[in-house]
Each structure stands twice: as C-alpha cells, then as structure tokens.
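Novice: Just passing along the structure, written as structure tokens.
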Amino acid sequence: MANGRSVVKVRVRAIAEGGEANRAVTELLAKQLGVPKRDVRVLSGTTSRVKQIAIDGDPTKLGAMLRKITAATPDDADDRTDI
C-alpha cells in the first residue's frame, strides 16, 4: 500500500451484496487462523475493497499464523499473498 503498511490480499467468490463478501472474508480468515468466527470482525471498509479487520486472540499466535499463511512466494513482489 502507499502508506507502507503490510496487507493481506484475500479473494472470495461471494458477491458483495448483503454483506455476503464481508462474511466470506471473515470466515476465511477465522478458518485460516484457527480462531472462532465470532473473533473476526470488519472494523472499517464494509463497503470498500480495502478493509480493516480485527481479530481477537493471542497476538503472538496470530502473528505467527499470519506469517505462515502469507509466506512470500516468487510472484509476490509487493508482500501480498492470496490465501
């Protein structure tokens, strides 16, 4: 991103109607991070492609899981990985 912050790029097949895409994103992140769905929520960007997500849990464990699932691949020149 332009401000230098790290991001995780997520793609879901759900349509952006009635909150379906936001729900799919939070469910995907919960599954990948091994936390209950209730612990993942959209803080901002509910109607935008760019979202800020909050995930409740142990910051050390969550950080380790995020690093694992976003491990850079040769195609990721900008530090973003699809999960």
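Novice: Inside the stretch 53-75, can you point out the residues that are surrounded by fewer than 13 Cβ atoms within 10 Å (Cβ to Cβ) and of a type outside the set (A, V, I, L, M, F, W, C)?
Specialist: Of everything in the stretch 53-75, those that are surrounded by fewer than 13 Cβ atoms within 10 Å (Cβ to Cβ) and of a type outside the set (A, V, I, L, M, F, W, C) turn out to be 56, 58, 59, 60, 61, 63, 67, 68, 73, 74, 75.
Novice: If you go through the stretch 1-31, how many residues are in contact (Cβ under 8 Å) with a residue 60 or more places away in the chain and either surrounded by 12 or more Cβ atoms within 10 Å (Cβ to Cβ) or not small (Gly, Ala, Ser) (or both)?
Specialist: Residues in the stretch 1-31 being in contact (Cβ under 8 Å) with a residue 60 or more places away in the chain and either surrounded by 12 or more Cβ atoms within 10 Å (Cβ to Cβ) or not small (Gly, Ala, Ser) (or both): 5 in total.
Novice: Continuing with this model, one more query. Give the residues of the stretch 14-60 that are within 23 Å of residue 3 (Cα to Cα) and small (Gly, Ala, Ser), sorted by residue number.
Specialist: Residues satisfying the conditions are 44, 45, 48, 54.
Novice: With respect to the numbered conditions (1) modelled with pLDDT of 95 or more; (2) under 12 Å from the mean Cα position of the chain (by Cα), which one is the sole condition not fulfilled by residue 56?
Specialist: Of (1) modelled with pLDDT of 95 or more; (2) under 12 Å from the mean Cα position of the chain (by Cα), only one is false for residue 56: (2).
Novice: While we're here: Taking only the stretch 32-45 into account, find how many residues are part of a loop (DSSP other than H, G, I, E, B) and either exposed (fewer than 12 other Cβ atoms within 10 Å of the Cβ) or touching a residue at least 40 places away in the same chain (Cβ under 8 Å) (or both).
Specialist: 2
Novice: Contact list please: Cβ distance under 7 Å, first residue in the stretch 51-65 and free of Cβ contacts under 8 Å to residues at least 12 places away in the same chain, second residue outside any strand (DSSP E or B) and of a type outside the set (D, E, K, R), pairs at least six apart or on different chains.
Specialist: Short answer, once both residue conditions are applied: 52/45.
The values are calculated or read from the model by the stated rules, or taken from the named source; none is laboratory data. For clarity, every value in this text was computed on a predicted model and none was experimentally measured. Here the Cβ is made from the backbone with ideal geometry for all residues, glycine too, and neighbour counts use every protein chain on show.
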